[in-house]
Structures are given as C-alpha cells and as structure tokens.
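The values are calculated or read from the model by the stated rules, or taken from the named source; none is laboratory data. Here the structure is a predicted model, which is why all the values come from computation and not from measurement. Heads up, the Cβs are rebuilt from the backbone with ideal geometry, glycines too, and the neighbour counts pull from every protein chain shown.
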C-alpha cells in the first residue's frame with residue numbers, strides 16, 4: 001500500500017476526497033447522502049480516515065450506567081456535545097438508524113484503518129463495510145478497539161480479512177498515522193470533510209456545494225443545508 | 001468557510017480580526033415591540049458590509065431611523081436582552097443563528113429544509129382547521 005501523496009490530492013484522480021471517522025455521529029449521518037451522491041454522479045470518491053482527537057477540542061468524559069463518572073469538560077463544551085448528539089440523532093432517525101451516545105471516547109483507529117484495507121482490496125464494498133461498522137457501533141453493540149471485531153466487519157462486508165491483523169499493526173497503521181500527521185497543518189480537522197477542486201469543506205452541510213462543483217458549477221451556487229431524505233434509507237433497526 | 005459562501009453569493013462581507021461588540025443593537029432588537037426584520041437586515045448590512053460599530057449609540061439610533069422605526073432611549077436598555085439570553089440558554093441555545101420551534105433547537109442555517117418542513121406542516125394543519 002502506498003502512502004498518501006497529499007491530504008489535498010485524490011490518490012487516483014477521483015473527483016473528491018472524503019474524510020470520515022467511525023466515532024463521529026456527524027460522519028454517520030453524512031454517509032448515506034455521500035454514497036447517494038456518488039451514485040447520482042456515477043463516480044467514486046477517495047474515502048480516507050481522520051481519527052479525531054476529541055479531548056483536544058471538546059474535553060473528555062466517561063459515563064457509566066448513563067451517569068458521568070469522569071469529566072474535564074466546560075459547561076459550554078457539554079452544551080456543544082449534548083446538542084451534537086441530539087442533532088445527529090434526529091437526522092439519523094430519519095434515515096432509519098439508531099444513535100446512542102457513547103459512554104467513552106473510543107479509539108477508532110483500527111476501524112478507520114479498516115477503511116484503508118477495504119479501499120485497497122475491494123473499493124466497491126466500502127459502503128457495505130461502513131454499514132457493518134457504523135450502525136452497530138452507534139447502537140453500542142460493537143467494540144471497535146478489538147481487531148477481531150473489526151476483521152469480522154470486513155468479512156461481513158464481503159471482503160477477505162486475511163492479513164488485516166498484521167496490516168492494522170504494520171503498514172496500515174503507518175499509512176494511517178502518517179496521514180493523521182499531515183491533516184491539521186493542511187486545515188483538515190473534522191469530519192466529514194470534503195476536498196473538491198482544492199477547496200476544503202468541513203461538514204455535511206456542504207454536500208450541495210460539492211454537487212455543484214462536480215456538475216460544472218451550473219447556475220447559482222447553493223447555500224449550506226442538510227438535505228432531507230424523503231424516505232428512510234433503511235428500515236429502522238429495532 | 002463563511003468567506004466561501006459570501007464570495008459565491010457576491011456578498012462583500014468584511015471579516016474583522018476580532019469580532020465587534022453588538023450589545024446596543026441587540027438591546028434594540030430585544031426591546032422592539034414591532035416587526036424587527038427591517039432593523040435586523042439594516043444592522044447586518046451595517047456591521048458586515050459597511051463596517052459600522054453596533055455598540056455605538058449614534059450608529060444604532062441611525063439604524064433604527066433607517067428602518068423606519070421611532071427611536072427612544074429606552075430601546076438601548078439591557079434588561080430585555082438579559083432576560084432573552086437567560087431564556088435562550090435555558091432552552092439549550094449556545095450559538096447563533098438558532099431556531100426554536102416545537103420545543104426543538106436548531107443551530108445553524110443548514111437546518112432550513114427541516115424548518116421549512118415543520119412550518120409547512122403547521123400551515124397545513126392551520127388551513128385544515
């Protein structure tokens with residue numbers, strides 16, 4: 001596997017780069033709309049992991065049985081975190097999924113290295129892999145820090161996971177870590193982030209602008225918005 | 001990010017290195033008992049396009065007059081805005097623009113599609129009654 005040449009240049013000439021993190025509820029909400037845009041335009045984006053360092057900007061906290069047992073968050077950080085979950089939850093429920101707030105800040109690097117593995121071995125299965133990881137993780141049913149669990153998700157997506165354990169500890173980790181080291185200095189710090197025509201757009205609200213760029217910038221540029229799906233993408237996972 | 005959309009919509013916004021204080025203009029907004037939209041629109045243009053100080057009493061009085069409203073010194077008093085901020089914080093508002101509708105808080109204009117949907121449903125219900 002090659003290291004990424006640049007955080008801002010797509011690896012194989014894809015029309016856009018998409019950065020996501022498994023532990024981001026906002027990335028979870030963005031997935032289906034982004035894949036829908038790929039299908040609409042008949043293209044594939046260059047999907048990459050961005051493993052967020054949440055404590056550095058939102059403080060950290062641990063919950064046990066629904067109660068906060070450890071926290072160094074300020075009141076305004078708590079307001080932001082609570083709102084973020086409420087907001088992501090109401091939108092993901094429109095897609096037919098469930099989102100439960102996490103009880104700790106997870107290390108999502110192994111599951112994110114799983115993105116590299118799937119992109120490398122079976123790009124067409126990426127949506128299936130993310131479908132195998134995101135919904136159960138956000139139902140609190142998946143330990144994404146367990147290599148065997150992530151490997152099982154890769155297999156469930158129809159991708160051969162033979163060698164993943166060595167990959168996530170070796171070259172996959174090296175590529176992942178090198179990429180993470182380049183992101184902040186290139187103004188990429190949150191997810192989902194799109195890079196299109198050299199422009200960095202952070203947040204799924206920019207998807208209309210991504211579409212506008214990729215369809216020849218016809219007509220007036222759209223404003224930011226969270227587009228609504230008229231029907232759930234899936235039946236509710238109950 | 002805001003610069004991108006300002007450029008795309010040909011809105012000549014001036015982004016200051018440090019945000020200016022807008023307390024007096026907000027006091028007026030909280031104290032107005034008539035439709036404030038003309039004043040709000042005028043105040044935004046004054047701050048973001050004309051670079052004016054929304055905490056300057058002379059500027060704010062002129063904005064009120066420009067909006068076709070009657071100015072009085074009571075409009076500059078802060079009691080109403082203090083109450084308004086307390087209420088907003090109690091509802092979970094911590095940033096702007098924020099919309100509170102049907103006991104839900106929406107922060108950011110990106111929620112417009114959902115807000116339109118709620119308003120359309122409300123209008124439909126009203127027209128059926």
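Do you know which residues across the range B:101-116 are farther than 23 Å from residue A:79 by Cβ and within 7 Å of chain A (Cβ to nearest Cβ)?
B:113
Could you tell me whether any residue of the range A:45-53 is surrounded by fewer than 19 Cβ atoms within 10 Å (Cβ to Cβ), under 15 Å from the mean Cα position of the chain (by Cα) and modelled with pLDDT under 95?
Yes, the conditions are met somewhere in the range A:45-53.
Among the listed residues A:206, A:213, which satisfies the condition of being more than 25 Å from residue A:100 (Cβ to Cβ), surrounded by 15 or more Cβ atoms within 10 Å (Cβ to Cβ) and under 20 Å from the mean Cα position of the chain (by Cα)?
From the options A:206, A:213, the qualifying one is A:206.
Scan (1) buried (at least 16 other Cβ atoms within 10 Å of the Cβ); (2) modelled with pLDDT of 95 or more; (3) closer than 14 Å to residue A:22 by Cβ for the single condition residue A:105 breaks and write down its number.
(2)
Which condition from (1) within 18 Å of the chain's Cα centre (by Cα); (2) modelled with pLDDT under 95; (3) under 21 Å from residue A:19 (Cα atoms) is the one that residue A:233 breaks?
All conditions are met except number (3).
For residue B:99, state whether it is at pLDDT 95 or above and farther than 20 Å from residue A:229 by Cα.
yes
Residue under question is residue B:45, and the condition is that it be free of Cβ contacts under 8 Å to residues at least 40 places away in the same chain and either within 14 Å of chain A (Cβ to nearest Cβ) or farther than 26 Å from residue A:222 by Cβ (or both); does it hold? First the steps, then the outcome.
On the way: free of Cβ contacts under 8 Å to residues at least 40 places away in the same chain: yes; either within 14 Å of chain A (Cβ to nearest Cβ) or farther than 26 Å from residue A:222 by Cβ (or both): no.
Here the answer is no, as residue B:45 does not meet what is asked.
Hey, which of the helices (runs of 4 or more DSSP H) in the range A:125-238, taking only ones fully inside, have at least 1 residues that are within 14 Å of another protein chain (Cβ to nearest Cβ)?
Here the list reads A:207-214.
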